[in-house]
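Below is one structure; the comments refer to it alone.
Readers should treat all values here as calculations from the given coordinates under stated rules, not as data from a laboratory. Computed from a prediction, not measured in an experiment: that's the story for all the values here. With ideal geometry, Cβ positions are generated from the backbone for all residues, glycine too; neighbour counts draw on all protein chains shown.
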Amino acid sequence: MKKLVVSIIIISIWIWFTFAHQPRLIFQQPAGQVVNVQNPEVSQAFYGNLVGQEDVYQIVSTTGFLLYVNILSPDLSGSRTDFTVDIIEGDVAIYTRIDGKKFQRSKFFEPFGWDMYLQWISREKQVGPGTYTIKVSNSDNQGKYSLAIGKLESFSMKEIINTYKVMPALKIQFFEKPRYTIFWNYVWLFLLVMIVAVVVVVWWGVKIVKYIRRR
């Protein structure tokens, strides 16, 4: 019975998480370190914070893939909205640029974490094998951002566990929210609801089995 309960919870959580971004806390890494992006076609959110120099992401792929890039800022007082994203193919060719100063920003509510963002236009293109460099910067290289790469929604159990692990730092350090908000979002509420629902179902199941046996 315990194995059944655990299995139901795991499967339900996995189905729910397939609609979310895989979070990556880049702001916890040393400044200036190149971020190697694995599985660039899979939807991932890289949370960064410029501290005097641009952030650099690199994709090395032996196969073609859909290159999707979007940048957002946390909707906080004083958040920077002038980020520039350069997408470079190979060594010198700039494939495209997203200039935050040229596009109108709109507010975006992310339902899984219950967080507000300011978002810009996205860029996507089917590309071939090769090396692609993505640079995030602004005039003085300061400010928090979330860089979305990839569109394919995919979550392994390892990624689900990682999401629960990084949620406290994401809420407190990146979004500057109180500690109690760590649990006040769909990610944790869904887990709580699933546990309660499964416990209730199992409890009624046990009651029914006992009733049948008595008859």
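Here are some notes:
- Value of D in µm² per second that Stokes-Einstein yields for region 36-167, Kirkwood Rh from Cα pairs, at 4 °C (1.567 mPa s): 84 µm²/s
- Sorted by Cβ density within 10 Å, fewest first, the residues TRP114, TRP204: TRP204, TRP114
- Between amide H atoms placed 1.01 Å from N, distances below 5 Å from SER154 occur with SER43, all of them 5 or more places distant or on a separate chain.
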